[in-house]
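Derivation of every value follows stated rules applied to the coordinates shown; laboratory data play no part. Note that the coordinates shown come from a computational prediction; the quantities given were computed from them, not determined experimentally. Reconstructed Cβ throughout: ideal geometry from the backbone, glycine too, with neighbour counts over all protein chains shown.
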Amino acid sequence: MPDHSTEVPRLSWAEVCARRLERHALSAPSEDTGPAGIVGAMAGTHAQVMSAAELAVGLRLAGATRTDVREALWTEHSLIKTFGPRGTVHLLPARDLPLWIAALSALPVSQVGFSDDVRMTPGQTEEVLAAIGDALRDAELTIDELGEAVVRRTGPWAGDLVMPAFQGMWPRWRQVMHLAGMRGALCFGPGRGRKVTYTGPDRWLPGFVPADTRAALTHVVKSYLHAYGPATPQRFAHWLNAPARWASDLFASLAGELQRVEVEGAAAWVTAGDTAAPSTPPRGVRLLPYFDGYAYRVGNQPPGLLYPGRAAERVLRGNFQTLLVDGVVAGLWHQRRSGRRIDITVEPLVDLTAAQRDELDHQGERVGEILEARPRLTIGVVTVGGHA
C-alpha cells in the first residue's frame, strides 16, 4: 500500500491513547451529540447486555441517562439494535444502517461450526432468510412466534431441534439468525413484557435498502479507523470477524484513501490526512461497562500496551468491566443492583493518586445517574468472573 508522503508520520502510544479517548468522548463527555452520534463515533456499540450499552453511551454524553438511550431506540428510532460486527448484538445509527447492512452483507460467509446433519445448505439458508424478512415485514414477533412463521414458510426441517443451546436444543433455522440481522432482514423490536421481539428495519426506516457495496465498505473502514486507528488490516479483520486476506485486499483497494503511519515503530494505517493527535497527554479515570473495554481490545490496540503490568493476567483473559486510567486498563469493577441502589466494587491494579481517587468517586456517581439508581462505591477485590 503506497504512502502519501516520503515522510511517514510517527505517533507514540500515548498519542494514540489520547486520540482514542477524545474520539470516544471519554476525555470529556460530549455536550452537543445525541446517542446516535456517539454510537456512530464508536463504530457501533456492543449491546448483548442492554444495560451495559446504555451505560457505554451514557458515559460519553453529558447529563444523559439510560432513558435517553431508550428513547433513541424505541421512540425516535435514531438507533437500531441488530446483529452487527462479529455477528454480535450492536446498536447502530439508523442513518448509517443502509451502509452497515451493505458492508456486512459483503463479508465472506464463514462455515458455521456445526456438523453436516445440523448445518443448512446454501439454498436452505437463503430460504430461511427470505422467510424471516417476510414474517417481520409488518410485525413484531417473539422468538417462538418468529420460529412458527419461519417453519410455515419453509418446512418442518427448519424447526428440527438439532442445535445444542444452553440446557436444551434450538431449531435448525436459528443458526442463521445473526445473518438475518447482518443482511437487513431483522432487527430487535421493543420488549413485550419480559420477552424480546424482532421486527424488520424497514418498518422504522421507510424505503430502507442497502447502500452501494463499495461506498459501504469504505464507510465501515473509515469509521473503524476513526474510532480505533491507527490500525492494521489484521486488526480490522479481527474486529469485524472477517478473513485476514480479505481485509488486506480491502485496505489495498482503498490505498488512495488511506495513509501509512508508525506507532512505536510498527506500521499502521489511518484515513488519509487523519494523523493529528491531541496536544495534551491522555488523562482521566473511567469505569467502562461490559463489552466496552473488550471492544477496546478487539478494536485495535496491542494487548501488551493496553493491559500493562498486572492487568495482563487479571483482566485480559475475561470480559470484565474495566477501570481505565489515562487510556489504559488499570483495574476492574463490578456492580450489583438491588432496587434503586447500586453497589459498585472497584479493584484498582495500580496506586491511584488523590485526584484519581476523587475522579473515581465522580465516575461512580455518574454510573448511578445513568442507570437511575443510588450508587455506593467501595474499593475491594472483584470476586465475580468475566461476562460470557
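When the stretch 49-62 is filtered for residues that are free of Cβ contacts under 8 Å to residues at least 60 places away in the same chain and either among the basic types (K, R) or out of contact with any helix residue (DSSP H, G or I) (no Cβ under 8 Å at 6 or more places or on another chain) (or both), the ones remaining, listed by number, are M50, R60, A62. Among the residues of the stretch 168-179, not a single one is small (G, A, S) and closer than 18 Å to H90 by Cβ. When you look at A268, is it touching a helix residue (DSSP H, G or I) at 6+ places or on another chain (Cβ under 9 Å), assigned to a helix (DSSP H, G or I) and within 30 Å of A53 (Cβ to Cβ), yes or no? No; evaluated as a whole, the condition is false for this residue. Looking across the stretch 363-383, the residues that are over 28 Å from D68 (Cβ atoms) and outside any strand (DSSP E or B) come down to G380, V381, V382, T383. Only residues that are within 25 Å of W74 (Cβ to Cβ) and surrounded by fewer than 19 Cβ atoms within 10 Å (Cβ to Cβ) were counted across the stretch 148-158, and they come to 2.
Given the criterion in contact (Cβ under 8 Å) with a residue 12 or more places away in the chain and loosely packed, with under 15 Cβ neighbours inside 10 Å, identify the matching residue among R95, R172. The conditions single out R95. Entry remark, the stretch 52-66: residues being assigned to a helix (DSSP H, G or I) and either over 14 Å from the mean Cα position of the chain (by Cα) or closer than 11 Å to F291 by Cβ (or both) number 7 in total.
Take P278 and tell me if it is of a type outside the set (A, V, I, L, M, F, W, C), in a loop (DSSP other than H, G, I, E, B) and touching a Lys or Arg at 6+ places or on another chain (Cβ under 8 Å).
Yes: the conditions hold for P278.
Just one of the listed residues (R357, R341, R366) is basic (K, R) and touching a residue at least 60 places away in the same chain (Cβ under 8 Å), namely R366. Of the residues in the stretch 218-232, at least one is under 21 Å from F83 (Cα atoms), among the aromatic types (F, W, Y) and in a helix (DSSP H, G or I). Does L26 qualify as being in contact with a strand residue (DSSP E or B) (Cβ under 6 Å, 6 or more places away or on another chain), more than 28 Å from S253 (Cβ to Cβ), part of a loop (DSSP other than H, G, I, E, B) and hydrophobic (A, V, I, L, M, F, W, C)? Considered against the rule, which asks whether it is in contact with a strand residue (DSSP E or B) (Cβ under 6 Å, 6 or more places away or on another chain), more than 28 Å from S253 (Cβ to Cβ), part of a loop (DSSP other than H, G, I, E, B) and hydrophobic (A, V, I, L, M, F, W, C), L26 comes out as yes. Selection of the stretch 213-239 for residues being farther than 14 Å from E257 by Cα and free of Cβ contacts under 8 Å to residues at least 12 places away in the same chain yields only A237.
The requirement of being under 30 Å from T218 (Cβ atoms) and out of contact with any Leu (no Cβ under 6 Å at 6 or more places or on another chain) is not satisfied by L73.
Restricting attention to the stretch 349-361 and to residues that are surrounded by 18 or more Cβ atoms within 10 Å (Cβ to Cβ) and in contact with a helix residue (DSSP H, G or I) (Cβ under 9 Å, 6 or more places away or on another chain), the residue that is nearest to L323 (Cα to Cα) turns out to be L349.
The rows are residues; the columns are (1) aromatic (F, W, Y); (2) surrounded by fewer than 24 Cβ atoms within 10 Å (Cβ to Cβ); (3) out of contact with any strand residue (DSSP E or B) (no Cβ under 8 Å at 6 or more places or on another chain).
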| site | (1), (2), (3) |
| --- | --- |
| W13 | yes, yes, no |
| E22 | no, yes, yes |
| P35 | no, no, no |
| E71 | no, yes, yes |
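In the stretch 72-83, the residues that are over 13 Å from D96 (Cα atoms) reach residues that are of a type in the set (V, I, T) and crowded, with 17+ Cβ neighbours inside 10 Å with C-beta atoms within less than 7 angstrom, at least six apart or across chains, in these pairs: F83/V89.
Here T213 meets the list (1) surrounded by 15 or more Cβ atoms within 10 Å (Cβ to Cβ); (2) out of contact with any strand residue (DSSP E or B) (no Cβ under 8 Å at 6 or more places or on another chain); (3) farther than 25 Å from T75 by Cα almost entirely, failing just condition (1).
Which residue out of G364, G386, G304 is surrounded by 14 or more Cβ atoms within 10 Å (Cβ to Cβ), of a type in the set (G, A, S) and under 29 Å from A268 (Cβ atoms)? Checking each option against the conditions leaves just G386. Checked against (1) more than 26 Å from S51 (Cα to Cα); (2) buried (at least 19 other Cβ atoms within 10 Å of the Cβ), G84 passes all but condition (1).
Evaluate the following for L161: is it touching a strand residue (DSSP E or B) at 6+ places or on another chain (Cβ under 6 Å) and loosely packed, with under 15 Cβ neighbours inside 10 Å?
yes
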